[in-house]
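Quick notes on the structure that follows.
The values are calculated or read from the model by the stated rules, or taken from the named source; none is laboratory data. Bear in mind the structure is a predicted one, so any value in this text is a computation, not a measurement. Methodologically, a virtual Cβ is constructed for each residue, glycine included, from the backbone with ideal geometry; neighbour enumeration extends over all protein chains shown. Quick note on the areas: whole protein, heavy atoms, side chains included, nothing else; ligands and nucleic acids left out. Shrake-Rupley method; radii C 1.70, N 1.55, O 1.52, S 1.80 Å.
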Amino acid sequence: MPYRRTPAVQARLDAQRKTVLDAAIALLSEQGYAGCSMAAVAARAGVATGTVYKHFTSKSELSVELFRTVVTREVAAVEAAAHGPGDLIERIVAVIETFAGRALKAPRLAYALLVEPVEPAIDQERLVFRRAFRDIFAERIAEGVATGVLPPQDPQLTAAALVGAGAEALVGPLTDGSTDVLPGLARFTLRALGGTHAEHP
């Protein structure tokens with residue numbers, strides 16, 4: 001008869017895995033992916049290196065899970081902004097302001113997520129999550145086009161351009177510590193959307 005973990009054993013393993021992942025997130029926020037060796041994560045988590053390997057078979061697997069965990073939170077925050085208060089234009093601007101504002105509050109972490117040189121597996125995850133951010137923008141832009149608030153345009157194309165421009169615009173501020181990029185990004189977003197709302201407050 002195959003062994004089945006009891007609920008108590010599974011709960012302990014789940015808690016242990018969370019401890020390892022939390023330690024990895026802390027290291028990522030401080031040192032980027034280069035600082036997230038299996039041994040370093042184990043030391044931060046207060047467990048043996050073998051324990052980390054019990055949950056993640058390689059640094060690559062850990063890094064991918066780490067990326068997914070952190071970026072999923074960012075997508076949720078941006079999604080909330082897209083459905084927040086204000087009119088449609090204000091909510092679209094809130095998306096870019098939330099995306100950039102959260103990055104600027106945790107610059108080392110954001111740099112790791114957006115531009116730090118990484119292995120192909122994480123680059124693939126970046127593409128997946130860029131599409132997620134794009135789709136949040138695109139949904140609002142499509143709504144604006146359908147209701148006549150925005151001029152006719154390809155919502156997916158405009159959204160992809162906004163995500164790419166936002167990420168590129170953050171590279172400098174994330175490395176030099178400047179934080180005054182938000183107003184400019186908001187104005188750029190309004191101009192990119194076009195129409196009579198280009199100077200919307």
- Message: Between V115 and A26, what's the calculated FRET efficiency when r is the beta-carbon distance and R0 is 25 Å? Round to 0.05.
- Response: 0.80
- Task: Would you kindly calculate the translational diffusion coefficient of region 6-93, applying Stokes-Einstein with the Kirkwood radius from alpha carbon pairs, for 10 °C and a viscosity of 1.306 mPa s, and quote it in µm² s⁻¹ without decimals?
- Result: 109 µm²/s
- Task: Enumerate the calculated ³J(HN,Hα) couplings along region 21-36 in order (Karplus 6.51 cos²θ - 1.76 cosθ + 1.60, θ = phi - 60°), each rounded to whole Hz, writing x wherever the residue is Gly or Pro.
- Result: 5, 4, 5, 5, 5, 4, 5, 4, 5, 9, 10, x, 5, 4, x, 9
- Note on the structure: To the nearest 0.05, the calculated FRET efficiency linking Y53 and R126 through their beta-carbon distance, R0 being 30 Å, is 0.75
- Message: Can you compute the helix-only [θ] at 222 nm over the chain? Use -39500 (n - 2.57) per DSSP H run of at least 4 residues, normalise by all residues, nearest 500 deg cm²/dmol.
- Response: -25500 deg cm²/dmol
- Query: Among A8, A39, A24, whose Cα lies farthest out toward the positive end of the dipole of region 1-41, if unit charges sit on the beta carbon of Lys, Arg (+1) and Asp, Glu (-1)?
  - Reply: A8
- The alpha-carbon center of region 45-77 and that of region 125-173 are separated, in whole Å, by 28 Å
- Task: Return the FRET efficiency for the residue pair H83, E168: r is the Cβ-Cβ distance, R0 is 25 Å, and the value is rounded to the nearest 0.05.
- Result: 0.45
- Query: Using modelled amide H (1.01 Å from N, peptide plane; none on Pro or chain starts), what sits under 5 Å from the amide H of L150, excluding residues fewer than 5 places away?
  - Reply: V145
- Karplus couplings for region 108-121 from phi (6.51 cos²θ - 1.76 cosθ + 1.60, θ = phi - 60°), rounded to Hz, Gly and Pro as x? 5, 5, 5, 4, 4, 6, 8, 9, 4, x, 9, 6, x, 4
- Message: Pick from R73, R12, R130 the residue whose mean-square fluctuation is largest in a GNM of the chain, springs joining Cα atoms under 10 Å.
- Response: R12
- Message: Using 0.36 nm times the number of residues separating V75 and A15, minus their current alpha carbon distance, what extension gain do you get?
- Response: 19.2 nm
- Task: Return, for the Cα atoms of region 61-147, the radius of gyration and Dmax in Å, separated by a comma.
- Result: 14.0, 44
- Query: Accessible area of R191, 1.4 Å probe, to the nearest 10 Å²?
  - Reply: 130 Å²
- Item | Gain upon complete extension [D135, T147; 0.36 nm per residue less C-alpha separation] | 2.5 nm
